[in-house]
Ligand SMILES: [Zn+2]
């Protein structure tokens, strides 16, 4: 299974998000904790589950049981652990997680993500936040109304001290760090390095310079440039430059060429 996507408001079951595998094959029907109202996602609300070292599967099952048996009305869309992401509700279904009331914007317009919390394991915690950031990016793609500044803390709606870990900088991970994680990961997704490359022109400063079929001396020679001529480089790899008009690569060390 490859990277997960969101289709019909559901993450790909067994798909990958960050370090996690998605579990999305048991979605909650309308019940005690799921009101069955339609959600048009405009925000993402970030939470911490509230108890340390309790695995995501426990929260996932707790929501399932509460919805069936009625011992708690709280609900949320996704539980993020370091190696698993559990989706409980379709993203176009309202959950009660923001605490701002039946008609609150948090409850009625945001997707709720609960994040597991670790008391001692910094590595697992980092993976939780990275998974959550990747998930936010998938959601922003699926729901264009969710802009980056519409990823908010639970605190934003009700002043509740949540997501507790980010608000209290556990392991030095805070809200600014998390938002930057989203920005950085999004940058990787939408701007591959090759598209950022700006072609430039070099002039050959040695008598002759070999053209090779690939970047590196182990590649076959396929031509030669001579001193004084200028050539456009359209890609770089390992100190070699790909020529625009000749089929091949040259060593772009300042020993051989000069930028024009
Ligand atoms: Zn919360």
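What follows draws every value from the coordinates through simple rules; no lab data is involved. Since the model is a prediction, treat every value here as computed from it, not as a measurement. Reconstructed Cβ throughout: ideal geometry from the backbone, glycine too, with neighbour counts over all protein chains shown.
Pairs of Cα atoms nearer than 8 Å and 6+ residues apart set the relative contact order; for the chain it is 16 percent. The peptide list 161-168, 96-103, put in order of mean Cβ contacts within 10 Å with the highest first, becomes 161-168, 96-103.
Going by alpha carbons, how many degrees (0 to 90, nearest 10) lie between the helix axis of 175-190 and the longest principal axis of the chain? With both axes taken from Cα atoms, the answer is about 50 degrees. The angle between the Cα long axis of helix 56-69 and the longest principal axis of the Cα atoms of the chain comes to about 40 degrees, rounded to the nearest 10. The Cα center of segment 226-243 and the Cα center of segment 1-59 differ in position by 49 Å. Put a dot 7 Å past the Cα of residue 148, heading toward its Cβ, do the same for residue 37, and the two dots end up 3.1 nm apart. Counted residue by residue at 0.36 nm each, then reduced by the alpha carbon distance between them, the extension gain from residue 234 to residue 126 reaches 35.2 nm. Bridges between two residues of segment 1-146, per DSSP, are antiparallel at a rate of about 35%. Rounded to the nearest 500, the 222 nm mean residue ellipticity of the chain from helices alone is -7500 deg cm²/dmol, with -39,500 (n - 2.57) taken per DSSP H run of at least 4 residues.
Only beta bridges with both residues in the chain are counted; by DSSP, about 60 percent of them are antiparallel.
Seen against the Cα atoms of the chain and their longest principal axis, helix 122-142 is set at about 90 degrees. Classification of the chain by its C-alpha gyration tensor yields a prolate form. The axis ratio a/c (a ≥ b ≥ c) is 1.5 or more, and a/b outweighs b/c. Shape of segment 207-260 from the C-alpha gyration tensor: rounded (a/c under 1.5, with a ≥ b ≥ c the square roots of its eigenvalues). Between residue 7 and residue 160, the simple label model (points 7 Å from Cα in the Cβ direction) yields a spacing of 3.4 nm. Diffusion coefficient (Stokes-Einstein, Kirkwood radius over C-alpha pairs, 25 °C, 0.890 mPa s) for segment 37-189: 160 µm²/s, rounded to a whole number.
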